[in-house]
Amino acid sequence: MNFYNNMHPYYCGIDLHARLLYVCILDQEGNTLVHKEISADKTKLLNLLKPYIGNIVVGVECMPCWYWVSRLQKNP
């Protein structure tokens, strides 16, 4: 089995809830750059990620309410 093992400057994890997102962004060394709670809103999430776009990998927990986040990569 092949695993994705490319390195990136920034990594983001998002914990989704119905009305809130908990967003954490780390650099390559594991330093926490962002650890923030925001409302589950497309514009707020894009504004938070904007400085990192093109250099970040985003991981989202697997649950039915995350599809709108995955669509942002195609239609920001």
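Only the coordinates and a few stated rules stand behind these numbers; no lab work does. None of the values given here were measured: they were computed from a predicted structure. No Cβ is skipped: glycine too gets one built from the backbone with ideal geometry, and neighbour counts run over all protein chains shown.
Close amide-amide hydrogen proximity is noted between His17 and Tyr22, each under 5 Å apart and 5 or more residues distant or on a separate chain (H modeled in the peptide plane; Pro and chain starts excluded). Note on Leu33, Leu26: ascending count of other Cβ atoms within 10 Å places them as Leu33, Leu26, the fewest first.
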